[in-house]
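See structure below.
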Amino acid sequence: MAGGEQRVSIWSIPERQGRGPRPAYSRAQITEAAIRIADADGLEAASMRRIAADLGTGAMSLYRYVPSRDDLIELMVDHALLEMDIPDGPTGDWRADLTLIAENTRAVWLRHTWLSGLDRPRATLGPNRLRLLEFAFGALDTGVPIDDMLTLLDMLNGYVERVVRGEIEWRREMRQSGMTPERWMIHSAPYVRELLDSGRYPMFERIVMDARLPHMSAEEQFRYGLDRVLDCIAAVQP
């Protein structure tokens, strides 16, 4: 920020400051309107002007509640995490708990595909992010050093985000092209046959002839890879 000014976290700013008339809107109302718009038309469409129109008010009035677009996105990301269906505390089965986190994250991203447009959903410190953090680290608190926990959970999150981002992009490409996965495979078959007949790509031939993964559903592929990541985490358990 200009002049070295530090940005104040939206979570440090009370929603209602001092006395006076009751606010016309809550942050939750503004955030929910922004998410509705982003779900329908993408993150860029969720401007203050568009949100204000959805709520029936003026755009400038919303800045009293949400000071900046960065704050708005932070609220949106944290609000989306409210949909994570996780218990209040770890169950004692770290593998089941991390599986639950991964599957819930995939479900939330597929419902709110604008999350994949962020470079990496920012590490907000809102209440829902902190609830998820406590659950994830608590699940892995089996005697694993804290730095290893950070690394292992980053590995898990990286896998989930990469795969689901790819799934969202694939769906978008299929929708825009009007081509189904089956039609894409038929379209690609002649060139694939040329590559196989050349004999120059033995590993590619093994993928085409032997691999089961490309023929699985997106959900099955996700779970297969997730199990491999969890196997790696299991290898460092005390």
Collect the residues in region 215-227 that are surrounded by 11 or more Cβ atoms within 10 Å (Cβ to Cβ), out of contact with any Lys or Arg (no Cβ under 7 Å at 6 or more places or on another chain) and in a helix (DSSP H, G or I), keeping them in residue-number order. A218, E219, E220, Q221, R223, Y224, G225, L226, D227
Residue list for region 66-81, restricted to those being surrounded by 14 or more Cβ atoms within 10 Å (Cβ to Cβ) and part of a loop (DSSP other than H, G, I, E, B): V66, P67
Looking only at region 157-165, decide whether some residue is over 16 Å from the mean Cα position of the chain (by Cα) and either of a type outside the set (V, I, T) or under 30 Å from I10 (Cα atoms) (or both). no
Test: residue in region 47-56 that is within 18 Å of the chain's Cα centre (by Cα), in a helix (DSSP H, G or I), in contact (Cβ under 8 Å) with a residue 12 or more places away in the chain and not assigned by TED's automatic domain parsing to the domain that holds G143: no
Unmet criterion (only one of (1) surrounded by 10 or more Cβ atoms within 10 Å (Cβ to Cβ); (2) more than 28 Å from the chain's Cα centre (by Cα); (3) modelled with pLDDT under 95) for M174: (2)
Among D141, D231, which is the only one that is of a type in the set (D, E), in contact (Cβ under 8 Å) with a residue 12 or more places away in the chain and more than 25 Å from L115 (Cβ to Cβ)? D141
Specify the residue that is farthest from T99 (Cα to Cα); the eligible residues are those in region 149-171 that are acidic (D, E) and surrounded by 14 or more Cβ atoms within 10 Å (Cβ to Cβ). E167
Exclusive hit being exposed (fewer than 14 other Cβ atoms within 10 Å of the Cβ), among the charged types (D, E, K, R), under 30 Å from L140 (Cα atoms) and modelled with pLDDT of 95 or more, set D119, D97, D88, D93: D93
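The values are calculated or read from the model by the stated rules, or taken from the named source; none is laboratory data. None of the values given here were measured: they were computed from a predicted structure. Note that each Cβ is placed from the backbone with ideal geometry, even for glycine, and that neighbours are counted across all protein chains shown.
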